[in-house]
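S.K.: Have a look at this one before I ask anything.
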């Protein structure tokens, strides 16, 4: 009980990561020590209860923390969303359209709430909570199921005119390339994401050129995850390795172009592909950036792997709400 009373005596803050498949809430004290957390699937069996589950995951995280008094909640959510109002414009995986997430949480918990894009928040977390904190201009690129991005300019998340800046996965890499989920051809995401790699790996398996993939996954694209690709390379599937290296290099081409436009001090690389094959991904992405960034702009730019893993978004969200409160802001829509 003493621990509970101690927690109640200090304001805490909550960081929330809402994903297409899972959501997580972590409660921190004023020194960013973890007091408690909770993780749940984003949708129940009914498939229509994501908004209730967000509230529930926060409540249960607070219970594990000893029910401390909280001063604010920070959230990283899939977009597109309006960072000024905290309204989720359209997130099909969660069934949200014009959904007032910030207002829902503000009403439920009676505290200020700030909501931003999950990749923006993850980049912010990597910047604020690792050795990258000494920089002011940081680009985050996260190759996984898709390819997300976040941009920190002069210590602030870049939202742009639309509020949705940072869609690095949709820069055009191949004019006549494959169709992307966004409807355009040749986006970086269409040629270099884990899904794009899995499609090529499944084709290799179908013709007998990827024996490990064939044995483990057959030709099921959805089963060919980042870890499977890494193990296939370790098992000697050379053509799979060639596909992964090409995708990583193309990601590096995109990074090089972004360096030319944004001139960051550091580029942080995260996502499932980097976590599963860090050395390979960094090697090829760095090579692509070296060959496509202007030498003057590429000089002294640090390219490094993300360090926080699954905690990047919750840590970034907690940092974001603390900075909003310190600046006198009351969160989204206030």
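Read-outs throughout are calculated quantities, based only on the coordinates presented, and are distinct from any laboratory measurement. Given the structure is predicted, the values throughout are model-derived calculations rather than measurements. Glycine also receives a Cβ, built like all others from the backbone with ideal geometry; neighbour counts cover every protein chain displayed.
S.K.: Once you place label points 7 Å from the Cα toward the Cβ at residue 164 and residue 326, how far apart are they in nm?
M.R.: Roughly 3.1 nm, to one decimal.
S.K.: Express in nm, to one decimal, how much length is gained between residue 242 and residue 135 on full extension, taking 0.36 nm for each residue of separation and deducting their alpha carbon distance.
M.R.: 35.1 nm
S.K.: Only counting other Cβ atoms within 10 Å, I'd like 26, 304 sorted with the fewest neighbours first.
M.R.: 304, 26
S.K.: Additional query: Taking the Cα-to-Cβ direction at residue 215 and at residue 176 and moving 7 Å from each Cα, how far apart do the two end points lie in nm?
M.R.: Once both label points are built, they end up 3.9 nm from each other.
S.K.: Using 1/(1 + (r/R0)^6) with R0 = 22 angstrom and r between the beta carbons of residue 223 and residue 291, what's the FRET efficiency to the nearest 0.05?
M.R.: That pair, residue 223 with residue 291, gives E of 0.05.
S.K.: Counting other beta carbons within 10 Å of each residue's own, what order do 16, 54 fall into, fewest first?
M.R.: Fewest-to-most ranking of 16, 54: 54, 16.
S.K.: Now for a different question. Running a GNM on the chain with Cα contacts under 10 Å, which residue among 157, 89, 285 ends up with the highest mean-square fluctuation?
M.R.: Between 157, 89, 285, it is 89 that shows the largest mean-square fluctuation.
S.K.: Rounded to the nearest 5, what % of the DSSP beta bridges within the chain are antiparallel ones?
M.R.: Of those bridges, close to 60 percent are antiparallel.
S.K.: In terms of the Cα gyration tensor, with a ≥ b ≥ c the square roots of its eigenvalues, is the range 44-121 rounded because a/c is under 1.5, prolate because a/b exceeds b/c, or oblate?
M.R.: It comes out oblate by the Cα gyration axes.
S.K.: Please find the FRET efficiency linking residue 300 to residue 49, where r is the Cβ-Cβ separation and R0 is fixed at 35 Å, and quote it to the nearest 0.05.
M.R.: So, using R0 = 35 Å, E works out to roughly 0.10.
S.K.: Continuing with this model, one more query. Inverting the mean 1/r over all pairs of different Cα atoms, compute the Kirkwood radius of the range 253-308 and quote it in Å.
M.R.: Mean inverse Cα-Cα distance, inverted, gives 11.3 Å.
S.K.: What is the gain in length, in nm to one decimal, between residue 63 and residue 231 on full extension, counting 0.36 nm per residue of separation less the C-alpha to C-alpha distance?
M.R.: Roughly 56.5 nm would be gained on extension.
S.K.: Ok, one more. Per-residue ellipticity at 222 nm for the chain, helices alone: DSSP H runs ≥ 4 residues times -39500 (n - 2.57), over residue total, nearest 500 deg cm²/dmol?
M.R.: Dividing the helical sum by the residues of the chain leaves -12500 deg cm²/dmol.
S.K.: For the range 69-180, divide the Cα radius of gyration by the Kirkwood radius and give the resulting Rg/Rh value with two decimals.
M.R.: Computed over Cα atoms, the ratio is 1.01.
S.K.: For all pairs of alpha-carbon atoms in the range 131-306, what percent lies in each bin of width 10 Å, listed from the first bin to the last filled one?
M.R.: 11, 38, 34, 14, 4, 0
S.K.: Would you mind telling me which residue in 281, 239, 315 has the biggest mean-square fluctuation in a Gaussian network model of the chain, where springs connect alpha carbons within a distance under 10 angstrom?
M.R.: 239
S.K.: Now for a different question. Looking only at Cα atoms, what is the convex hull volume of the chain per residue, in Å³?
M.R.: Spelled out: Cα convex hull of the chain, divided by residues, is 147 Å³.
S.K.: Can you tell me which of 295, 68, 112 moves the most in a GNM of the chain? Springs connect C-alpha atoms under 10 Å apart.
M.R.: 295
S.K.: Would you calculate the separation in nanometres between label points at residue 30 and residue 71, each defined as 7 Å from the Cα along the Cα-to-beta-carbon direction?
M.R.: It is 0.7 nm.
S.K.: Still on this structure, I have one more. Roughly how many whole Å is it from the C-alpha centroid of the range 70-138 to that of the range 259-307?
M.R.: 25
S.K.: When DSSP assigns beta bridges and you keep just the ones with both residues in the range 131-306, what percent turn out antiparallel, to the nearest 5?
M.R.: Among the beta bridges of the range 131-306, antiparallel pairing accounts for roughly 55 percent.
S.K.: Oh, and also: Would you mind ranking 233, 147, 88 so that the residue whose beta carbon has the fewest other beta carbons within 10 Å leads the list?
M.R.: Ordered by Cβ neighbours within 10 Å, fewest first: 233, 88, 147.
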